[in-house]
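Here the structure is laid out as structure tokens; the discussion comes afterwards.
The values are calculated or read from the model by the stated rules, or taken from the named source; none is laboratory data. Computed from a predicted structure; not experimentally measured. As a convention, Cβ positions derive from the backbone with ideal geometry for all residues, glycine included, and neighbour counts pool all protein chains shown.
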Amino acid sequence: MAEKKDKPKAGAVEKKTKRVKKSAFYKVEGNNVVRTRKTCLKCGAGVFMAEHKDRYSCGKCGYTEMKK
């Protein structure tokens with residue numbers, strides 16, 4: 001039997017996530033590559049933290065730092 005797909009409710013608006021290219025996380029200065037975003041202290045150097053208005057947060061582990 002074919003499965004029914006859920007229809008969105010009338011008047012509901014789907015939110016679209018804003019995609020960021022990975023090239024925006026790095027900057028080349030001379031022969032060195034510099035990371036432009038803050039990295040997560042728990043996950044390590046390979047995971048960048050999201051920058052919000054009042055905080056930094058990790059999408060992988062949930063670690064959060066408040067801005068000063």
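Quick look at the values:
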{"quantity": "Failed condition for residue 12, given (1) on the phi < 0 side of the Ramachandran plot; (2) at pLDDT 90 or above", "calculated": "(2)"}
{"quantity": "Answer residue from segment 18-59, given it is aliphatic (A, V, I, L, M) and out of contact with any Lys or Arg (no Cβ under 6 Å at 6 or more places or on another chain) and is modelled with the lowest pLDDT among those", "calculated": "20"}
